[in-house]
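Below: one structure in C-alpha coordinates.
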Amino acid sequence: MTWPWESRGALTSSPLPPLDEEQGYDLDLFCIPKHYAADLERVYIPHGLILDRTERLAREIMKEMGGHHIVALCVLKGGYKFFADLLDYIKALNRNSDRSIPMTVDFIRLKSYCNDQSTGEIKVIGGDDLSTLTGKVRDIIDTGKTMKTLLELLKQYNPKMVKVASLLVKRTPRSVGYRPDFVGFEVPDKFVVGYALDYNEYFRDLNHICVISETGKEKYKA
(Lines give C-alpha, C1' and ligand atoms only; values in the text may rest on other atoms or scores of the structure.)
Protein backbone atom coordinates (compact mmCIF):
# COMPACT_ATOMS: atom_id res chain seq x y z
CA MET A 1 0.00 0.00 0.00
CA THR A 2 1.50 3.33 -0.92
CA TRP A 3 -0.01 6.30 0.73
CA PRO A 4 0.87 9.60 -0.94
CA TRP A 5 -0.03 12.20 1.57
CA GLU A 6 0.34 15.78 0.33
CA SER A 7 -0.21 17.27 2.90
CA ARG A 8 -2.95 13.17 -0.33
CA GLY A 9 -8.49 5.60 1.07
CA ALA A 10 -11.16 4.22 -1.40
CA LEU A 11 -13.29 6.36 0.90
CA THR A 12 -13.16 9.98 -0.17
CA SER A 13 -13.24 12.43 2.72
CA SER A 14 -15.57 15.39 2.63
CA PRO A 15 -13.66 18.66 2.91
CA LEU A 16 -15.14 21.62 4.72
CA PRO A 17 -17.25 23.94 2.55
CA PRO A 18 -14.96 25.79 0.11
CA LEU A 19 -13.36 28.83 1.65
CA ASP A 20 -14.43 32.11 0.10
CA GLU A 21 -11.85 34.09 -1.83
CA GLU A 22 -12.14 37.04 0.52
CA GLN A 23 -12.42 34.98 3.70
CA GLY A 24 -9.77 35.44 6.34
CA TYR A 25 -8.78 37.30 9.48
CA ASP A 26 -6.96 40.50 10.25
CA LEU A 27 -3.28 39.98 11.01
CA ASP A 28 -3.63 41.97 14.24
CA LEU A 29 -5.75 39.18 15.74
CA PHE A 30 -2.85 36.72 15.67
CA CYS A 31 0.78 36.40 16.66
CA ILE A 32 2.65 37.04 13.40
CA PRO A 33 6.48 37.28 13.28
CA LYS A 34 7.34 40.96 12.90
CA HIS A 35 9.65 40.28 9.96
CA TYR A 36 6.60 39.15 7.97
CA ALA A 37 4.10 41.78 9.16
CA ALA A 38 4.22 43.80 5.91
CA ASP A 39 4.42 40.75 3.66
CA LEU A 40 0.99 39.20 4.30
CA GLU A 41 -2.54 40.24 3.38
CA ARG A 42 -4.41 38.23 6.02
CA VAL A 43 -4.54 35.01 8.00
CA TYR A 44 -6.50 32.56 5.89
CA ILE A 45 -6.64 29.40 8.04
CA PRO A 46 -5.63 29.77 11.72
CA HIS A 47 -3.31 27.17 13.23
CA GLY A 48 -5.94 25.86 15.65
CA LEU A 49 -8.38 25.15 12.83
CA ILE A 50 -5.64 23.35 10.88
CA LEU A 51 -4.95 21.07 13.84
CA ASP A 52 -8.62 20.35 14.50
CA ARG A 53 -9.21 19.43 10.85
CA THR A 54 -6.04 17.31 10.80
CA GLU A 55 -7.27 15.35 13.81
CA ARG A 56 -10.52 14.61 11.98
CA LEU A 57 -8.57 13.43 8.91
CA ALA A 58 -6.57 11.10 11.16
CA ARG A 59 -9.83 9.53 12.35
CA GLU A 60 -11.02 9.07 8.76
CA ILE A 61 -7.71 7.50 7.80
CA MET A 62 -7.86 5.10 10.74
CA LYS A 63 -11.38 4.08 9.74
CA GLU A 64 -10.39 3.48 6.13
CA MET A 65 -6.91 2.03 6.57
CA GLY A 66 -7.15 0.12 9.85
CA GLY A 67 -5.63 -3.34 9.56
CA HIS A 68 -3.18 -2.44 6.78
CA HIS A 69 0.50 -1.80 7.23
CA ILE A 70 1.23 1.69 5.96
CA VAL A 71 4.41 3.36 4.80
CA ALA A 72 3.55 7.05 5.04
CA LEU A 73 5.52 9.00 2.46
CA CYS A 74 5.97 12.68 3.24
CA VAL A 75 6.41 15.06 0.32
CA LEU A 76 9.04 17.59 1.38
CA LYS A 77 9.41 20.34 2.09
CA GLY A 78 5.92 21.80 2.26
CA GLY A 79 4.28 18.69 3.65
CA TYR A 80 6.42 18.21 6.74
CA LYS A 81 4.21 20.07 9.25
CA PHE A 82 1.00 18.42 8.06
CA PHE A 83 2.80 15.07 8.00
CA ALA A 84 4.13 15.40 11.56
CA ASP A 85 0.83 16.59 13.04
CA LEU A 86 -1.23 13.99 11.17
CA LEU A 87 1.04 11.16 12.31
CA ASP A 88 0.91 12.43 15.89
CA TYR A 89 -2.89 12.18 15.81
CA ILE A 90 -2.76 8.71 14.25
CA LYS A 91 -0.30 7.58 16.93
CA ALA A 92 -2.61 8.92 19.63
CA LEU A 93 -5.50 6.95 18.12
CA ASN A 94 -3.28 3.86 17.99
CA ARG A 95 -2.63 4.21 21.73
CA ASN A 96 -6.18 4.93 22.77
CA SER A 97 -8.41 2.73 20.61
CA ASP A 98 -8.95 -0.98 19.99
CA ARG A 99 -7.97 -0.61 16.34
CA SER A 100 -4.45 0.38 15.35
CA ILE A 101 -2.35 0.80 12.21
CA PRO A 102 1.24 -0.52 11.92
CA MET A 103 3.11 2.32 10.30
CA THR A 104 6.56 3.28 9.07
CA VAL A 105 7.60 6.54 7.41
CA ASP A 106 9.67 7.71 4.47
CA PHE A 107 10.36 11.02 2.73
CA ILE A 108 10.72 12.36 -0.78
CA ARG A 109 11.51 15.90 -1.86
CA LEU A 110 9.91 17.45 -4.92
CA LYS A 111 10.32 20.91 -6.44
CA SER A 112 8.03 22.43 -9.06
CA TYR A 113 7.72 26.12 -8.13
CA CYS A 114 9.68 29.29 -8.81
CA ASN A 115 8.24 32.38 -7.15
CA ASP A 116 4.44 31.89 -7.19
CA GLN A 117 4.24 29.89 -10.43
CA SER A 118 4.56 26.19 -11.14
CA THR A 119 7.42 25.67 -13.59
CA GLY A 120 5.80 22.60 -15.12
CA GLU A 121 9.02 20.71 -14.44
CA ILE A 122 9.03 18.37 -11.46
CA LYS A 123 12.37 17.63 -9.83
CA VAL A 124 12.81 14.68 -7.47
CA ILE A 125 15.54 16.04 -5.22
CA GLY A 126 15.54 13.47 -2.44
CA GLY A 127 14.12 10.15 -1.32
CA ASP A 128 15.27 6.63 -0.61
CA ASP A 129 14.44 3.43 -2.44
CA LEU A 130 10.75 3.81 -3.35
CA SER A 131 10.31 0.04 -3.67
CA THR A 132 9.65 -0.10 0.08
CA LEU A 133 6.72 2.30 -0.01
CA THR A 134 3.12 1.62 0.97
CA GLY A 135 1.68 5.16 1.58
CA LYS A 136 1.94 9.12 1.09
CA VAL A 137 1.17 12.68 2.63
CA ARG A 138 1.19 16.14 1.04
CA ASP A 139 0.56 19.79 1.86
CA ILE A 140 -1.31 21.30 -1.11
CA ILE A 141 -2.70 20.18 -4.46
CA ASP A 142 -2.54 23.06 -6.94
CA THR A 143 -2.93 21.99 -10.58
CA GLY A 144 -2.43 18.30 -9.66
CA LYS A 145 0.37 17.82 -12.19
CA THR A 146 3.00 17.14 -9.52
CA MET A 147 0.84 14.56 -7.81
CA LYS A 148 -0.09 12.75 -11.02
CA THR A 149 3.58 12.58 -11.98
CA LEU A 150 4.54 11.21 -8.58
CA LEU A 151 1.77 8.62 -8.67
CA GLU A 152 3.03 7.40 -12.04
CA LEU A 153 6.49 7.08 -10.51
CA LEU A 154 5.15 5.07 -7.58
CA LYS A 155 3.26 2.69 -9.87
CA GLN A 156 6.60 1.40 -11.14
CA TYR A 157 7.07 -0.27 -7.74
CA ASN A 158 3.70 -2.10 -7.83
CA PRO A 159 2.28 -0.96 -4.49
CA LYS A 160 -0.78 -2.82 -3.23
CA MET A 161 -2.63 0.44 -2.71
CA VAL A 162 -2.01 4.18 -2.93
CA LYS A 163 -3.98 6.73 -0.91
CA VAL A 164 -3.28 10.46 -0.92
CA ALA A 165 -3.98 12.91 1.90
CA SER A 166 -3.69 16.63 1.23
CA LEU A 167 -4.24 19.47 3.63
CA LEU A 168 -5.27 21.85 0.82
CA VAL A 169 -6.82 21.52 -2.61
CA LYS A 170 -6.85 24.66 -4.74
CA ARG A 171 -9.75 25.61 -7.01
CA THR A 172 -8.00 26.66 -10.18
CA PRO A 173 -8.82 26.59 -13.92
CA ARG A 174 -5.32 25.13 -14.43
CA SER A 175 -6.29 21.91 -12.61
CA VAL A 176 -5.79 18.63 -14.46
CA GLY A 177 -8.77 17.17 -12.56
CA TYR A 178 -6.87 15.21 -9.94
CA ARG A 179 -8.47 14.98 -6.48
CA PRO A 180 -6.84 13.32 -3.45
CA ASP A 181 -8.53 10.72 -1.25
CA PHE A 182 -8.37 12.75 1.95
CA VAL A 183 -8.77 16.54 1.85
CA GLY A 184 -8.51 19.10 4.63
CA PHE A 185 -9.61 22.35 3.02
CA GLU A 186 -10.62 23.52 -0.45
CA VAL A 187 -9.19 26.97 -1.11
CA PRO A 188 -9.48 29.56 -3.91
CA ASP A 189 -6.75 30.24 -6.44
CA LYS A 190 -4.59 32.35 -4.12
CA PHE A 191 -0.93 31.82 -3.30
CA VAL A 192 -0.84 30.85 0.37
CA VAL A 193 2.11 30.46 2.71
CA GLY A 194 2.78 29.27 6.25
CA TYR A 195 2.48 25.96 8.10
CA ALA A 196 5.55 24.84 6.07
CA LEU A 197 4.23 26.22 2.76
CA ASP A 198 6.81 28.59 1.33
CA TYR A 199 7.49 31.33 -1.15
CA ASN A 200 11.07 30.78 -2.31
CA GLU A 201 11.84 29.09 1.05
CA TYR A 202 10.42 31.94 3.18
CA PHE A 203 7.31 31.77 5.42
CA ARG A 204 7.74 28.13 6.46
CA ASP A 205 8.08 29.40 10.05
CA LEU A 206 4.51 30.78 10.15
CA ASN A 207 2.03 28.77 12.24
CA HIS A 208 -1.01 29.96 10.29
CA ILE A 209 -1.80 29.63 6.60
CA CYS A 210 -1.79 33.16 5.19
CA VAL A 211 -2.24 34.96 1.88
CA ILE A 212 1.01 36.58 0.77
CA SER A 213 0.87 40.24 -0.28
CA GLU A 214 2.29 41.70 -3.48
CA THR A 215 4.87 43.42 -1.29
CA GLY A 216 5.94 40.04 0.07
CA LYS A 217 6.16 38.51 -3.41
CA GLU A 218 8.39 41.31 -4.60
CA LYS A 219 10.54 41.29 -1.45
CA TYR A 220 11.31 37.56 -1.63
CA LYS A 221 11.27 37.15 -5.40
CA ALA A 222 13.94 34.79 -6.72
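The values are calculated or read from the model by the stated rules, or taken from the named source; none is laboratory data. Since the model is a prediction, treat every value here as computed from it, not as a measurement. Ideal geometry is used to build each Cβ from the backbone, glycine not excepted, and the neighbour counts take in all protein chains shown. Each accessible area value is taken on the protein alone, full model and side chains, heavy atoms only, with ligands, DNA and RNA left out. Shrake-Rupley method; radii C 1.70, N 1.55, O 1.52, S 1.80 Å.
Quote to one decimal, in nm, the extra length available between Lys217 and Asp28 on full extension: 0.36 nm per residue of separation minus the C-alpha distance between them.
That works out to 66.0 nm of additional length.
Related question: Tell me, what HN-Hα J-couplings in whole Hz come from the Karplus equation 6.51 cos²θ - 1.76 cosθ + 1.60 at θ = phi - 60° for each residue of segment 37-52, using x for Gly and Pro?
Each residue's phi maps through the Karplus curve to give 4, 8, 9, 10, 7, 6, 7, 9, 10, x, 4, x, 5, 4, 5, 5 Hz.
I'd like the accessible area for Phe83: 1.4 Å probe, protein heavy atoms, all chains in place, Å² to the nearest 10.
10
Right, something else. What FRET efficiency, computed as 1/(1 + (r/R0)^6) with R0 = 30 Å and r the Cβ-Cβ distance, is obtained for Phe191 and Glu55, rounded to the nearest 0.05?
The computed FRET efficiency comes out at 0.65.
Just list whichever of Lys81/Lys163; Lys34/Lys145; Lys77/Lys221 have alpha carbons separated by over 23 Å in the model shown.
Checking Cα-Cα distances, Lys34/Lys145 exceed 23 Å.
Now, a different point. With a 1.4 Å probe and every protein chain left in place, tell me how much accessible area Glu201 has, in Å² to the nearest 10.
80
Once label points are set 7 Å from the Cα along Cα→Cβ at both Asp88 and Glu64, what is their separation, rounded to one decimal in nm?
According to this spin-label approximation, the distance is 2.3 nm.
Also, I was wondering about something else. For Glu152 and Glu201, FRET efficiency with R0 = 35 Å and r from the beta-carbon atoms, rounded to 0.05?
Approximately 0.80, to the nearest 0.05.
Excluding ligands and nucleic acids, what accessible area in Å² is computed for Leu151 using a 1.4 Å probe, to the nearest 10?
The accessible area comes out at roughly 30 Å².
Please list Met62, Met161 from largest to smallest accessible area, probe radius 1.4 Å, with all protein chains kept in place.
Largest accessible area first, the list is Met161, Met62.
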